[in-house]
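A.B. asks: Pasting in a structure now, in structure tokens, and then I'll have a few things to ask.
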Amino acid sequence: MIFAFARLACLIGMATSVLAQTTKEDVLVRIDEKKGLYEDMALRIWSYAEVGYQETRSTALLQERLRAEGFTIEAGVAGMPTAFTATYTQGTGGPVIGILGEFDALPGVAQEAIPERKAIPGQIAGHACGHHVYGSGSAAAAAALKDWLQATGTPGTVRFYGCPAEEGGSGKVYLVRAGLFNDVDAVLRWHAGDRNEVDTGTTMANKSAKFRFQGIASHAASAPERGRSALDGVEAMNHMANLMREHVPSDTRIHYVITRGGEAPNVVPANAEVFYYVRNPRREVIDDVWARLEQAAQGAALGTGTTVAWEIIHGAYELLPNETLGRAIHANLTRVGGLTYSSEETAFAQAIGKTFPGGRPLDLSLATEVQPFETGQPPSPNSTDSADVSWVVPTMGLNTATWVPGTPGHSWQAVASGGTTIALKGMVVAAKAMALTGIDLFTQPELRAEARAEFLRRRGADFVYKPLLGDRAPPLDYRK
């Protein structure tokens, strides 16, 4: 009997705690109370450092946390074993607000959480783009919104999207293609960075493929005339691609790495592979440049007596900004404020700042303050598969200072910062700003309507979504 009363008192206390979360300030307090759960999860995902489509432990951890928070989990969506949705619905007829979460790492940048270059032995990847805090912070925001819906009885749905393989795998494109955003009113996202801001600029559209040349193996010294070098095909293609750079729009980016070049110098390589990216702020330019790149591959094969085939790996649109949502996010980010560095964090920042090339001075105000809201910003040189989401539903996000100011993305310094309390503080700022903006979207139908009107105006009346990667299945082995 005593146990029954104690259990009842506990349940009443939990219910009272949830029901008390009726204001934005209550929600901020609740996030602080629960942040330890999400900070621990972020650091565990940082230590897992799993690359695209291989994030089995990371996705399991996120799913376990959101299931414990009361969400319904649908795993393995859109043909991707590590993708999932987590949904909570209160009542009927309310809006659906989506929150994106990522969790894949980058190969080649394993690093300890210290301000000097030191790889972790035996680890092949690192969270150099902050996706460990991206997924965990977004989950914290989704959970806070769920608690608020439950406490206030507001009808609506919050849906977390567990998005794998952002780094070149286009995980979100397959979610879009599968129609998983068709019922969503607005989507919120964020990203790791070195400052707190809402960026209203677009991004680069991006397309990639692996070009595989097939030749004829032979002894490179005693019978070279009987061989046809697949590596020659790769090098000829690369030479032609480099000549193209003078004759493409100046804001185009072409990157490549030779992923296979042969096994031994005295064997004419029978197989070789080169992995290409092409970027531009307008996807129609990519279509043109890409067609020329394919012609270069065919010409290289013809000229070297080899054959070539290619596999499209990923494709992403340019981001479609939504300033209406951006202003709402900025207002809430300003309310939350920036980070407060401890003396230890300041010492870490100063030490890692000394490793930046060019002797750039350290400006901690980028982390401690919120940057002004600006429109008409130039396109970012980066690309993201979140862009495809932004063309099917009003979407907007923010950046927070999870890295020491001045840190470039995809660097060992980003990995190092990501394993510290600096990253965790930035994550909590993002979670709070998104949760507060979610409340605005649930309670202000005029905000949703204005965001939708801007979305339709920017997208155009005749828009039909066609993914740049076509109808291919997710490239689940692209990192293997």
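We did not get these values from a lab; they are worked out from the coordinates using the rules stated. Quick caveat, the model's predicted, so the values are computed rather than measured. Here the Cβ positions follow ideal geometry from the backbone for every residue, glycine too, while neighbour counts run over all protein chains shown.
A.B. asks: Among 198, 123, 221, flag the residue with its Cα farthest along the positive direction of the charge dipole of the chain, charges on Cβ as +1 for Lys/Arg and -1 for Asp/Glu.
C.D. replies: Checking the options against the dipole of the chain, the answer is 221.
A.B. asks: A further question on this structure: For a quick check: with amide H placed at 1.01 Å from N, whose amide H comes under 5 Å from residue 205's, ignoring anything fewer than 5 positions away on the same chain?
C.D. replies: 280, 282, 318
A.B. asks: How big, on average over all directions, is the shadow cast by the Cα convex hull of the stretch 99-256, in nm²?
C.D. replies: Result: 16.5 nm².
A.B. asks: When a/c reaches 1.5 or more, the comparison of a/b and b/c decides; with that in mind, is the stretch 293-438 rounded, prolate or oblate per its Cα gyration tensor?
C.D. replies: Here the stretch 293-438 falls in the oblate category.
A.B. asks: Counting residues in the stretch 340-406 as N, plug N into 2.2 N^0.38 Å and put the Cα Rg over that result.
C.D. replies: In units of the globular-protein estimate, the stretch 340-406 measures up at 1.45.
A.B. asks: Now a separate question. Place a +1 charge on the Cβ of each Lys and Arg in the stretch 98-227 and a -1 charge on the Cβ of each Asp and Glu, then give the dipole magnitude about the Cα centre in debye, rounded to the nearest 20.
C.D. replies: Using Cβ point charges on Lys, Arg, Asp and Glu, the stretch 98-227 gives about 460 debye.
A.B. asks: Please report 407, 304, 346 as a ranked list, fewest other C-beta atoms within 10 angstrom at the top and most at the bottom.
C.D. replies: 346, 304, 407
A.B. asks: For the stretch 358-480, what does the alpha-carbon gyration tensor say about shape, rounded, prolate or oblate, given a ≥ b ≥ c as the root eigenvalues, a/c under 1.5 as rounded, and a/b over b/c as prolate?
C.D. replies: It comes out oblate by the Cα gyration axes.
A.B. asks: Let me ask you something else. If you count, for each residue, the other Cβ atoms within 10 Å and average over each peptide, how do 109-118, 38-47 line up from highest to lowest?
C.D. replies: The densest-packed peptide leads the list: 38-47, 109-118.
A.B. asks: May I ask for the distance between the Cα centers of the stretch 153-205 and the stretch 17-93, given as a whole number of Å?
C.D. replies: 15
A.B. asks: Okay, next question. By how many nm would the segment from residue 264 to residue 331 grow when fully extended, if each residue of separation counts as 0.36 nm and the alpha-carbon distance is taken off?
C.D. replies: Gain on extension, residue 264 to residue 331, equals 18.2 nm.
A.B. asks: Just to be sure I understand: if I project the alpha-carbon convex hull of the chain onto a plane and average over all orientations, what area do I get in nm²?
C.D. replies: Averaged projected hull area, Cα only: 26.1 nm².
A.B. asks: Let me have the 222 nm mean residue ellipticity of the chain computed from DSSP H runs of 4+ only, each contributing -39500 (n - 2.57), with the sum over all residues rounded to the nearest 500.
C.D. replies: Taking each H run of at least 4 residues, the total per residue is -13500 deg cm²/dmol.
A.B. asks: A follow-up question, please. For residue 259, which sequence-distant residues (separation of 5 or more, or a different chain) have an amide H within less than 5 Å of its own amide H, given hydrogens modelled in the peptide plane?
C.D. replies: The answer is 273, 274, 275.
A.B. asks: Another question, then. Using θ = phi - 60° and the Karplus curve 6.51 cos²θ - 1.76 cosθ + 1.60, what whole-Hz ³J(HN,Hα) does each residue of the stretch 172-180 get, with Gly and Pro shown as x?
C.D. replies: Calculated HN-Hα couplings, in order: 5, 4, 6, 5, 5, 4, 7, x, 6 Hz.
A.B. asks: Bin width 10 Å, origin at 0, all Cα-Cα pairs of the stretch 166-255: what percent of pairs per bin?
C.D. replies: All Cα pairs considered, the percentages come to 11, 24, 26, 20, 12, 6, 1.
A.B. asks: Among DSSP beta bridges lying fully in the chain, give the percent that are antiparallel, nearest 5.
C.D. replies: Here the share of antiparallel DSSP bridges comes out near 70 percent.
A.B. asks: In the stretch 101-174, how does Rg compare with the Kirkwood Rh, expressed as the Rg/Rh ratio over alpha carbon atoms?
C.D. replies: With Rg and the Kirkwood Rh in hand, the quotient comes to 1.15.
A.B. asks: Rounded to whole Å, give me the distance from the Cα center of the stretch 408-480 to that of the stretch 272-316.
C.D. replies: 28
A.B. asks: What are the ³J(HN,Hα) couplings of the stretch 369-383, residue after residue, when phi is run through the Karplus curve with 6.51, -1.76, 1.60 and θ = phi - 60°? Round to Hz, x for glycine and proline.
C.D. replies: Rounded to whole hertz, the list is 10, 9, 6, x, 7, 10, 10, x, 5, x, x, 6, x, 8, 10.
A.B. asks: May I ask you to list, by number, the DSSP H helices of the chain whose Cα span along the axis is at least 24 Å and whose average Kyte-Doolittle hydropathy reaches 1.0 or more?
C.D. replies: Membrane-span-like by this criterion, though nothing is claimed about a membrane: 2-19, 421-443.
A.B. asks: In addition: Using just the C-alpha positions of the stretch 205-316 as equal point scatterers, what log10 of I(q)/I(0) does the Debye formula give at each q in 0.12 1/Å?
C.D. replies: Results for the stretch 205-316 at q = 0.12 Å⁻¹ read -0.42.
A.B. asks: Where Rh is the Kirkwood radius over the Cα pairs of the stretch 439-480, the temperature 20 °C and the viscosity 1.002 mPa s, what D in µm²/s does Stokes-Einstein return?
C.D. replies: Answer, rounded: 156 µm²/s.
A.B. asks: Positive end of the dipole of the stretch 205-316, charges at C-beta (+1 Lys, Arg; -1 Asp, Glu), about the Cα centre: which of 241, 259, 295 has its Cα farthest in that direction?
C.D. replies: 259
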